[in-house]
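Please treat every number below as a calculation from the coordinates, not as lab data. All figures in this text were calculated on a predicted structure; none of them were measured in a lab. Here the Cβ positions follow ideal geometry from the backbone for every residue, glycine too, while neighbour counts run over all protein chains shown.
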C-alpha cells in the first residue's frame, strides 16, 4: 500500500505555514477522529508547493488520501502514547527554518516573505512537525517486527516479469585513507598575521569584513556570500572551535584569530536572537609546500606497503592514520548520499575516478595529491573493494538490493492489513467536494460502517 508509505513522507513545509496567505476559500474537507484536514492544506501540497519548485500540480485526491492516512496514524500513536519529545520537535523545527533561510537568501528575506517572525513561523509549524513524527513513530511500531527470509526474497524475485527486471549500471565499492599535511610554522604564522591585520582594519572601520572575505578568504562560498553564515546553537554540523568562538561574541565584535580543523579564522557577529546568530568570517588555509606533501606521500606509501603485505588491516589503518574524521565511522568505506557503499562512477569525485583506472578488486592506488571541497590539500590512497559489470539484476549479484525491495513490499502489506482493520474504528468525514475521488473508497466504507 504505497500511499501509506508516502503519507509518512508528506512534507509539512513552508507552504503550510503560509496557509495564512489564503489562495482558496478555506474549510474543513476531512476528519479522522478529532484530526482535521483543511482544504488550504490539500491545495498547498498539491498545487502551490510543486509550483514553487517548478513542478506540475499533483493529484489532489492522492494528496488528500495521504493526509487522511497520516491523521489516522497520528490518532493511533496518541492512543498508544508513543513518545515524541519537545527536544526532537525543536531540533526538526530548527533544521527546517535553516533550510528555508538558505532557500530564501537570509533570515530577513524569509520573515519578509512569510510576513511573520522566525519565532512565529516555528510555532505555526510545530503542530505539523509533531504530527509528522507521531505518524512516523506509529508506522515504525507497526512494521518493526517485519523480517524477510531468503525464501521470501526468491519468491519476490521470481514474481518479477523478466522484461521488468532492472538494468544496473556498473557499481563499485572503494575505501580511502587520507592524510592532510601540516603546514610549516612559518606559513601558519603568516596566515595568522594576515588575519590579525584584517581584524585591525575591520575594527578601525577602514574595511568591511564581507569585502575582505570576498577578496582574501579561502572559503569557496565567500566569493558569493561575503563569508556570511546563519547558525543555530543546536546545529551539530559546525566545527566546535568555530561554534565556540562565534557564540561568545557580542554584536559587532570581531573574534581573535583562532584555529579550526579547516584553517585559521576571524569571525564578526552581525546579529544574535536567542540561539540564532548571523556571522561573517574570513578563512585562511596555510599553504602546503612541497616538503610537507613529500612527507605525507612517504607516510602513505609506507601504510600502503603494510596493507599489501598484510601487516595491518584497512580498518585499523584508517583508525590510526586517516585524517578524515568521517571515515573512522565507516572503516574508510566511501558512502553515497543514500548511505549505500555501492556507488556508480558519476557519484565519485573526479580525483577518485582517475585513481581507479587500471585497478582490480583488492588493488591499492599509489599515494596521490588532491584538493578537497574546502580547498584543503591532502594526499590519499584508495582501495578498489568490488566492481560489478553492467548487468540485469539477479539474485547472485544483487541479493541485498532485491531483499530490501521485498522487505519494503512485505512492510507495505502489513501496513495495509493494519489500516483496513483500523479504519472502521475511526470517525470519518469527507467533504462532498472530494466524493468524486475513486481512491477514497476505503474511507467511504468506514463512513458507511459507522452510520449503520
Whether the stretch 113-194 is rounded, prolate or oblate, judged on the alpha carbon gyration tensor where a/c under 1.5 counts as rounded: oblate
Theoretical ellipticity at 222 nm over the chain - DSSP helices of four or more residues, -39500 (n - 2.57) apiece, nearest 500: -14500 deg cm²/dmol
Residue 401-residue 80 FRET efficiency (beta carbon distance; Förster radius 51 Å; 0.05 resolution): 0.95
Helix 290-308 vs. the chain, principal-axis angle (Cα, 0 to 90°, nearest 10): 60 degrees
Relative contact order, percent, the stretch 185-284 [alpha-carbon distance under 8 Å, six or more residues apart]: 31 percent
The chain: angle of helix 441-451 to the longest principal axis, Cα-based, in degrees nearest 10: 50 degrees
Overall form of the stretch 325-452 per C-alpha gyration tensor (a/c, 1.5; a/b vs b/c): prolate
Over the chain, relative contact order from alpha-carbon pairs under 8 Å, at least 6 apart, %: 21 percent
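Restricting to Cα pairs below 8 Å that are 6+ residues apart, what does the relative contact order work out to for the stretch 248-296? Please round to a whole percent.
Details: 66 pairs, mean separation 13.9, N = 49.
Reported as a whole number, the value is 28 percent.
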Crossing angle, helix 86-104 versus the chain [Cα axis fit, 0-90 degrees, rounded to tens]: 70 degrees
Global geometry of the chain, whether rounded, prolate or oblate, following the gyration tensor of its Cα atoms and the 1.5 cut on a/c: oblate
